[in-house]
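The numbers here are math on the coordinates, done by the rules we state, and not lab data. Computed from a prediction, not measured in an experiment: that's the story for all the values here. Please note: Cβ atoms are built from the backbone with ideal geometry, for glycine as well, and neighbour counts cover all protein chains shown.
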Amino acid sequence: MGQLAERQRPLRRVEYERLAEEGFFEDERIELINGVILEMSPQNVPHSNPIQLLTRLLVPPLVGRADVRVQLPFAADDFSLPEPDFAVVSPTLSQVEHPSQAFLVIEVANSSLQFDRSTKADLYARVGVPEYWVVNVVDRVVERHLEPRGRAYARVDTLRPGDTIALSAFPDVSVDVAALFPV
């Protein structure tokens, strides 16, 4: 394959959504990040279990207060439409657009750990998501990112089994880290 052109034009989110509506990406697990269409990793058991457990833990206490979107598009900016494992958003539905603001975004990371720690963290910080968790399946910890400043979070805490995490926007809702990693 030849060399890439010096100048590349990123795909805009509206163009990506139009292509998806036309059926161009049927049966593909992809997302748009920073103007580039990326394949998503297949979901294995270590990735799926925390998603199932977090759904059980987050949905009931947030009913009527926030919507917990599971693996659905998040309109981060004009060039990104990620599909985070969770986005906790205001309980409003739009017939024309995906939510563009969230109280909390969570990515469950196994093979995507470095990408979720870097590119995704940069994206979520840049668009002002106040709290971002990486459920690190490899090390069995939750990396909690707080205080977005530009393209990074000013604070990152690592929580281990035995620790409990309360959601910043809903401090009465908490998750026991050990519950996410059953033996």
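If the elastic network links every pair of Cα atoms under 10 Å, which of Leu11, Leu104, Leu19 fluctuates the most in the Gaussian network model of the chain? So, out of Leu11, Leu104, Leu19, the one fluctuating most is Leu19.
Determine, for Ile30, Ile106, Ile51, the number of other Cβ atoms within 10 Å of each Cβ, and report the residues in order from fewest to most.
Ile30, Ile51, Ile106
Evaluated with a Cβ-only charge set (Lys, Arg +1; Asp, Glu -1), the stretch 42-180 carries a dipole of roughly 140 debye about its Cα centre, given to the nearest 20. Most fluctuating residue of Arg126, Arg56, Arg160 in a GNM of the chain with Cα springs under 10 Å: which is it? Most flexible of the set in this elastic network: Arg56. Measuring between their Cα centroids, the stretch 148-179 and the stretch 1-55 lie 27 Å from each other.
Look at Val141, Val129, Val135 and count the other Cβ atoms within 10 Å of each Cβ; fewest to most, that gives Val141, Val129, Val135. Shown for Tyr132, Tyr124: other C-beta atoms within 10 Å of each C-beta, ranked fewest to most, produce the order Tyr132, Tyr124. Dividing the summed -39500 (n - 2.57) terms of all DSSP H runs of n ≥ 4 by the residue count of the chain sets its mean residue ellipticity at 222 nm at -5500 deg cm²/dmol. Remark: spin-label model distance Phe25-Asp77 equals 1.8 nm, labels positioned 7 Å along the Cα→Cβ axis.
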